[in-house]
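Take a look at the structure below.
Computed from the coordinates by the stated procedures, all read-outs in this text should not be read as laboratory data. Note that the structure is predicted; figures quoted are calculated from it, not measured. A quick note on method: Cβ atoms are made from the backbone with ideal geometry, for glycine too, and the neighbour counts reach across all protein chains shown.
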Amino acid sequence: MWDVFGIPLLLATLRSASPLIITAIGGLFAERAGVINIALEGKMLTGAFMAVVVAYFTGNPWLGVFGGIFGGAFLALIHAVVSIKYKANQVVSGTAINILAYGLTVFLLQVFFGVSGTSPSVNKLPAWGPFNPLVYFGLVLVVVAHLFIYYTPQGLRLRAVGENPAAAETVGVNVIRLKYFFVTLSGALAGIAGAALSIGDLSVFVNQMTAGRGFIALAAMIFGKWTPVGALFAALLFGFAEALQIRLQGIVPIPREFVQMIPYVFTMIILAGFVGKATPPAALGK
Amino acid sequence: MDKKNILNALRLKELVLPLGAIFLGLLVGGIVILWIGKNPFTAYASLFYGAFGDLNRFANTIARATPLILTGLAVAFAFRCGLFNIGVEGQLLIGALSAAFVGTTLSGLPAIIHLPLTILSAMVASAIWAAIPGILKAKRGVHEVINTIMMNFIAYAFVAFIITGPLKAPGQIPKSADILGSAQLIRLSEIAQWSTSRLNTGIFIALLACVAIYYLLWKTTLGYEIRAVGLNPYAAEYGGISVNRNIILAMVISGVLAGLAGAERVLGFHGSFILGFSPGYGFEGIAVALLGKNHPAGVILAAILFGSLSSGGRWMAFNTGVPTDIVTILQAVIIFFVAAEQIVAWFFRNKKKTGQVA
């Protein structure tokens, strides 16, 4: 059974982890700005769908990525307006986004393509070496996000807003504008991750194809203690679990359902402070 | 404004905002239907007929609403204690699993013992599942939202493992064996010739639960304490109420209600545990609780509304070609409007220029 380990497993790990990395970084931008983001799943799903729609009608998968960005950002903007402007409960709004994304994608699949379940197939992104291009994007994103958050004035402002928006306001930060920007950015990134699933890994949209990955990304964000590098390693760990589970199927009698539980159980354990404490931004949800 | 007028205005607001949210939701849905080139009035009329057109359809609507009454009540009860229980879906599945286990294995018992025992097992299993995030919140200060989300996914995986493995009935479909006769809830179709509805005696459990929760929240000390914690935990603590104890209790009771919903589906509506049977009753419960203003009576009405959307949707799709999933979109939009009630208030103020609606 040892031949399941090795280079293919490492490649599969990064491949599984990539959408989680991109989405988790998006999630932490929103949460660093003080806006709870349990709607990552919905934004990812909408991104996956819009990527296929645009790729289908233009024939160009690169434009499809922009479709994904648009889909994710559009939902995020609704979340932002409802929860920032109209001060709705952010968890409620996020729940509604997830329900909306599910309904909208199934509905539009019928309207645009007249099918239910799976969309017609479209041109997928070209493979760059062993990966689709968005895998590299995810890795670059980690570096950029890390440098941005910790080494730029805007990053400092972002962190300040998440910890104490009133204090940030008094020193001249436009808190509302900053929140809008980062919530929308988080949707755009989740949308890219969705595109990575639909036109990066596959060349179709399938109903509910994100299959909880948005929530695993949320878990990775928490497990990584709201830092880009932490999110990277958490996503790699969860990606490894997924890749290993696929490769071990039929070889080792561990039910795959138990491997699927790993990200969620780990997150609960770390949140409870049994293995190091994960502390959210102080002004989250306020 | 004297005290009586203020009270009346408050009551009016309690009614106007949910109704306004439904109206705006239907309006947005109507625009979407128009956009795909269909007639929204025909579609909604068809939806309404599909849900309430005759006695059998009405029974189907109530059958669809039954679990929503319980999940809505579960979410609402936790809300009253200031907790957001997104985990009702997982708790429902765990309760359903427990009901399926006890309901298919303990043969030879009389129904008078077997049925209550099966329902009790669902209540206990869900209560334990819900207690975990409650305890983690009370003892370790972890936000219940994240933990209940995580536990939903753990429940999905666990249920999939059990139903495709140890509890699987022979055959292609991943489902448990049929519930033994002694643990079944009686369906309307079994006692009424005219009906094909799976509406079952579980509806009485749901309504009874509403009465019990109303009594508990507003007529007992425990209910007073739970509401006090929900309104202001610091003030409650200062007043000598144990916040931690009430958080755990509220989650446990919320879990019990979710477990009842799962039991009703397995023992009554389906008659077995079919993998993936829930279209998201737990999440719809969030919409139901919000629209019902976290009050048992409101929850019943909101559950019937959402139940009717789902049960009428198929008929609408069949007759007008509007995809059933418009119903899911409607649900989401209604939640947005209930959550951001300022939008509703703004809309009606601008329309009527009365300014007193909100």
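Residues whose amide H comes within less than 5 Å of that of B:Asn200, counting only those at least five positions distant or on another chain, are B:Leu188 (H built at 1.01 Å from N in the peptide plane). The modelled label-to-label distance for the pair A:Ala211/A:Tyr136, using points 7 Å beyond Cα in the direction of Cβ, is 2.8 nm.
Given q = 0.07, 0.10 Å⁻¹, what are the Debye log10 I(q)/I(0) values for the protein assembly as shown, with equal point scatterers placed on the Cα positions and solvent ignored? Per q value, in the given order, log10 I(q)/I(0) is -0.44, -0.95. Label-to-label distance for A:Lys87 and B:Ala45 is 4.4 nm, based on points extended 7 Å past Cα in the beta-carbon direction.
Modelled spin-label separation between A:Thr170 and A:Asn123, with each label point placed 7 Å from Cα along the Cα-to-Cβ direction: 5.7 nm.
A helix-only calculation puts chain B at -25000 deg cm²/dmol for mean residue ellipticity at 222 nm, using -39500 (n - 2.57) for each DSSP H run of at least four residues, averaged over all residues.
Across the range A:21-211, the relative contact order, built from alpha-carbon pairs under 8 Å that are at least six residues apart, equals 44 percent. Local charge for B:Glu264 was computed over the other residues whose Cβ lies under 14 Å away, with Lys and Arg +1 and Asp and Glu -1, and equals +4.
Using all pairs of distinct alpha-carbon atoms, the Kirkwood hydrodynamic radius of chain A works out to 19.0 angstrom. Mean separation of Cα pairs under 8 Å and 6 or more residues apart, divided by the residue count, gives chain B a relative contact order of 35 percent. Summing charges over neighbours of A:Ile97, with a neighbour being any other residue whose Cβ is under 11 Å away from its Cβ, gives 0 when K and R count +1 and D and E count -1. Counting 0.36 nm for each residue step from B:Leu222 to B:Trp35 and taking away their Cα separation leaves a gain of 62.2 nm. Once the C-beta distance of B:Ala169 and B:Asn319 is scaled by a Förster radius of 35 Å, the resulting FRET efficiency is 0.45 to the nearest 0.05.
For a modelled paramagnetic label at A:Leu9, 7 Å from Cα along Cα-to-Cβ, the residues of the range A:231-251 in reach, with backbone nitrogen under 12 Å, are A:240-249. Entry note: the range A:213-271 has Rg to Rh equal to 1.02, where both radii use alpha-carbon atoms and Rh is the Kirkwood radius. Inter-part distance, the range B:255-274 to the range B:292-324, computed on C-alpha centroids, equals 20 Å.
Of the residues B:Arg227, B:Arg140, B:Arg198, the one that moves most in a GNM of chain B with alpha-carbon contacts below 10 Å is B:Arg140. Computed from the alpha carbon positions, the gyration tensor of the range B:1-135 leads to an equivalent ellipsoid with semi-axes of 37, 26, 16 Å, biggest first. For chain B, the alpha-carbon coordinates run over 67, 60, 34 Å along the three principal axes, in decreasing order. So if I take the centroid of the Cα atoms in the range B:145-163 and the same for the range A:199-236, what is the distance between those two points in Å? Centre-to-centre (Cα) distance: 17 Å.
When the pairs A:Lys179/B:Lys139; A:Lys85/B:Lys293; A:Lys43/B:Lys175; A:Lys87/A:Lys225; A:Lys286/B:Lys219 are compared against a 28 Å limit on Cα-Cα distance, A:Lys179/B:Lys139; A:Lys43/B:Lys175; A:Lys286/B:Lys219 fall above it. Where only DSSP H runs of four or more residues are counted, chain A gives -23000 deg cm²/dmol as its mean residue ellipticity at 222 nm, each run worth -39500 (n - 2.57).
Among the DSSP helices (H) of chain B, those spanning at least 27 angstrom by Cα along their long axis with an average Kyte-Doolittle hydropathy of 0.0 or more are B:3-35, B:55-80, B:111-140, B:144-164, B:243-264, B:296-320; this is a geometric and hydropathy rule only.
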